[in-house]
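Peer 1: Handing you this structure, nothing more for now.
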Amino acid sequence: MELDLKILWAKNVLWTVRERIKNVREKLEREKPEAQDYINGGKDSEAMLLKTELVLIEMQNEIISLNRELNQLAKRNAQLRVAYDELKNELKFKEIEL
């Protein structure tokens, strides 16, 4: 599986788990408001999962940025190789003329 698909899968799993916890917490708040330990635990878990999602998004953005930079560097490297080969050939021709 490609990295983009793995990240998308992980974001989807995190969102799904967070939504399940949210649904259970909301049901507890409606039906058993006295179960504060479970309700607060659910809120804490939701917050941790949300932070994890945000970190994953930040990492994905960093990967995209690094990929762009890598592509630019690869393009520049190719240009420099062409320039190097041209200079090398030019030196060969100058040596022949001498």
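Peer 1: If the chain were replaced by its equivalent ellipsoid, with semi-axes equal to the square roots of 5 times the Cα gyration tensor eigenvalues, what would those be, largest first, whole Å?
Peer 2: 61, 10, 6
Peer 1: Please tell me which of these pairs span more than 26 angstrom C-alpha to C-alpha: Lys22/Lys51; Lys27/Lys51; Lys6/Lys51; Lys51/Lys75?
Peer 2: Lys51/Lys75
Peer 1: Let me ask something else. Could you calculate the FRET efficiency of Ile96 with Leu3 from 1/(1 + (r/R0)^6), where r is the beta carbon distance between them and R0 is 41 Å, rounded to 0.05?
Peer 2: Approximately 0.25, to the nearest 0.05.
Peer 1: Over the chain, calculate the relative contact order: mean separation of alpha carbon pairs under 8 Å at least 6 apart, over the residue count, as a percent.
Peer 2: Once normalised by length, the contact order is 26 percent.
Peer 1: Using the beta-carbon distance between Trp15 and Asn71 and R0 = 30 Å, what value does 1/(1 + (r/R0)^6) give for FRET efficiency, to the nearest 0.05?
Peer 2: 0.50
Peer 1: Hey, if you put +1 on the Cβ of every Lys and Arg and -1 on every Asp and Glu Cβ in the chain, which of Thr16, Ser45, Gln60 ends up farthest toward the positive end of that dipole?
Peer 2: It is Thr16, whose Cα lies furthest towards the positive end.
Peer 1: GluC sites (Glu not before Pro), restricted to segment 1-74: which are DSSP loop and have at most 16 other Cβ atoms within 10 Å?
Peer 2: Glu2, Glu34
Peer 1: While we're here: Could you give the angle, 0 to 90 degrees to the nearest 10, between helix 36-97's Cα long axis and the longest principal axis of the Cα atoms of the chain?
Peer 2: 0 degrees
Peer 1: Something else about it: Hey, got the dipole for the chain? About the Cα centre, +1 on K and R Cβ, -1 on D and E Cβ, debye to the nearest 20?
Peer 2: The dipole magnitude comes to about 140 debye.
FYI, it's all coordinate maths here, none of it is from the lab. A quick note: this is a predicted structure, and the numbers were derived from the prediction, not measured. Virtual Cβ from ideal backbone geometry, glycine too; neighbours counted across all protein chains shown.
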